[in-house]
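Notes follow once the structure below has been shown.
The values are calculated or read from the model by the stated rules, or taken from the named source; none is laboratory data. What you see is a predicted model; the values in this text were computed from it and never measured. Here the Cβ positions follow ideal geometry from the backbone for every residue, glycine too, while neighbour counts run over all protein chains shown.
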Amino acid sequence: MSNARSNRLLMRLPLCAAWMLLGCSIHAQDYFGHTLPGTMCRAGETVLFACTLERAKKIAVCARSAGGSPFGDIRYRFGSDARTELEFPATYQSPATYASGATMGDGGRGVLTFLSLRRRDMTYSVYSMVVNPTYQQDEASESEGVLVERSGKVLANIHCDPNVGSNAGMLADKRLFGVAVPLANQPLSIFPRFQPSP
């Protein structure tokens, strides 16, 4: 794998532990409140997840400090640079009432990190999956996207454009899963091999 590809993969790995094992000194908290250009997050918000989909549509999950937590206010957005087509919740709600997430493994070298957000009977789960079958990272693969479900039935699994940078690293912050939002105890339906740790 080229150095550029390897570095890009490391920056998008969902586990902070992976960064530490490789000697990386990046601290996720340094990015709080620094909006990344090209995402749908706004001034004062932190990008939890953002990517470009087909036809230049974008999705973003953005956090703002509230209630003593850096993830006290979380919003899901979908649309384009010109227009936000979906945003929820419309007003502040505790994320614990509509969100959950986890990092799960496949028993090998695969890791799936996801954050699910519920809006009435709809659930939007943004995810980042990294599979590294060898220690040398020769066959490493990654994918990000959003799973859309209605009442538990899959409506769509929309992949992020692999040719455009995506951002999912903040999902690994230890103050998110099990702290700001409940820990999910079930895997995503389309990725049943990724299970919670025993």
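What the table below lists for this structure:
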| quantity | calculated |
| --- | --- |
| Filtered residues of the stretch 53-69 (kept if assigned to a strand (DSSP E or B) and either exposed (fewer than 15 other Cβ atoms within 10 Å of the Cβ) or over 13 Å from the mean Cα position of the chain (by Cα) (or both)) | Lys58, Arg64, Ser65, Ala66, Ser69 |
| Complete set of residues in the stretch 134-158 that are modelled with pLDDT under 70 and in contact with a helix residue (DSSP H, G or I) (Cβ under 9 Å, 6 or more places away or on another chain) | Gln137 |
| Strands (runs of 3 or more DSSP E) wholly inside the stretch 87-191 that include at least 2 residues being closer than 22 Å to Gly67 by Cα | 99-105, 110-119 |
| Residue list for the stretch 75-112, filter: more than 16 Å from the chain's Cα centre (by Cα) and among the aliphatic types (A, V, I, L, M) | Ala82, Leu86, Ala90, Ala96 |
| Output for the stretch 48-95, where each listed residue is of a type in the set (S, T, N, Q) and without any contact (Cβ under 8 Å) to a residue 24 or more places away in the chain | Thr91, Gln93 |
| Odd one out for Gly72 among (1) over 24 Å from Cys160 (Cβ atoms); (2) more than 17 Å from the chain's Cα centre (by Cα) | (2) |
| Residue that is farthest from Ala50 (Cα to Cα), among those in the stretch 70-86 that are assigned to a strand (DSSP E or B) and among the small types (Gly, Ala, Ser) | Gly72 |
| Subset of the stretch 96-135 (residues that are aromatic (Phe, Trp, Tyr) and in contact (Cβ under 8 Å) with a residue 40 or more places away in the chain) | Phe114, Tyr124, Tyr127 |
| Residue among Thr91, Thr103 that alone is over 30 Å from Arg193 (Cβ atoms) and at pLDDT 90 or above | Thr91 |
| Residue check for Thr39: of a type in the set (S, T, N, Q), at pLDDT below 90 and under 29 Å from Asn132 (Cβ atoms) | yes |
| Residue, surrounded by the most Cβ atoms within 10 Å (Cβ to Cβ), within the stretch 157-198, restricted to residues that are among the polar types (S, T, N, Q) and either farther than 21 Å from Phe78 by Cβ or in contact with a Leu (Cβ under 7 Å, 6 or more places away or on another chain) (or both) | Asn167 |
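The rows are residues; the columns are (1) of a type in the set (D, E, K, R); (2) closer than 24 Å to Ala56 by Cα.
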position	(1), (2)
Thr97	no, no
Lys153	yes, no
Asn163	no, yes
Phe177	no, no
Asn185	no, no
Ser189	no, no
